[in-house]
Amino acid sequence: MYQQVGGLLQAAGMYTGDDFKQLAVRYPAMRNAYDEHQVRAMLIVPIWQRADGAAMLLLASPNPNGFIADSLATVQSLVPQITLALENLFAFEQIEELKAQVEQERTYLIDEINTDRPADGLIGTSPALQQVRQRIAQVASTDATVLITGETG
């Protein structure tokens, strides 16, 4: 669609009667509006044109004299508010996508932690390690001070 109407993004315009008919001859999208939807007048106001896309506001009327010169000025005065609203919408969507991504990564990391290591953090199943687990369980629920001795204690 952008290629079909890209030339219209250069400046705002009001196309009524024969002017819109000429526009319909040059642009297939406008021809469709003319033929299929009986559009006979249109206001076209560019919102923005960037590397990642473009936006424009199209107001259509079946009346060939459906707009007056003041209509174009009124719509153009709304462009800053429309631009701000669209930028806020896109920013909100991006924030929601990032939040979902962070939540997905968080869930993955929690699952990774829970599956790779036992809950007590001790790795191994030797009798000596089982004895250490038993002794930890004896004092875990108390406020007792514990002295750890040995090669690494």
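Restricting the range 1-23 to residues that are within 14 Å of residue 33 (Cβ to Cβ) and not in a helix (DSSP H, G or I) leaves a set whose member that is modelled with the lowest pLDDT is 1.
Here is a yes/no grid of residues against (1) at pLDDT 90 or above; (2) closer than 30 Å to residue 31 by Cα; (3) assigned to a helix (DSSP H, G or I); (4) out of contact with any strand residue (DSSP E or B) (no Cβ under 8 Å at 6 or more places or on another chain):
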{"residue": "48", "(1), (2), (3), (4)": "no, yes, no, no"}
{"residue": "57", "(1), (2), (3), (4)": "yes, yes, no, no"}
{"residue": "70", "(1), (2), (3), (4)": "yes, yes, yes, yes"}
{"residue": "80", "(1), (2), (3), (4)": "yes, yes, yes, yes"}
{"residue": "86", "(1), (2), (3), (4)": "yes, yes, yes, no"}
{"residue": "98", "(1), (2), (3), (4)": "yes, no, yes, yes"}
{"residue": "101", "(1), (2), (3), (4)": "yes, no, yes, yes"}
{"residue": "104", "(1), (2), (3), (4)": "yes, no, yes, yes"}
{"residue": "107", "(1), (2), (3), (4)": "yes, no, yes, yes"}
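More than 27 Å from residue 54 (Cβ to Cβ) and either surrounded by 10 or more Cβ atoms within 10 Å (Cβ to Cβ) or more than 38 Å from the chain's Cα centre (by Cα) (or both): is that true of residue 82 in this structure? So residue 82 does not fit the description; no. The conditions of being among the hydroxyl-bearing types (Ser, Thr, Tyr), surrounded by fewer than 10 Cβ atoms within 10 Å (Cβ to Cβ) and in a helix (DSSP H, G or I) are met by residue 115. Quick check, is residue 92 part of a helix (DSSP H, G or I) and among the aromatic types (Phe, Trp, Tyr)? Here the answer is yes, as residue 92 does meet what is asked.
Applying the condition of being out of contact with any helix residue (DSSP H, G or I) (no Cβ under 7 Å at 6 or more places or on another chain) and basic (Lys, Arg) to the range 22-67 and asking which residue is farthest from residue 90 (Cα to Cα) yields 26. Would you confirm, using the coordinates I've provided, whether residue 39 is free of Cβ contacts under 8 Å to residues at least 60 places away in the same chain and in a loop (DSSP other than H, G, I, E, B)? Answer is yes for this residue.
The values are calculated or read from the model by the stated rules, or taken from the named source; none is laboratory data. All of these numbers come straight from a predicted model, not from anything done at the bench. Please note: Cβ atoms are built from the backbone with ideal geometry, for glycine as well, and neighbour counts cover all protein chains shown.
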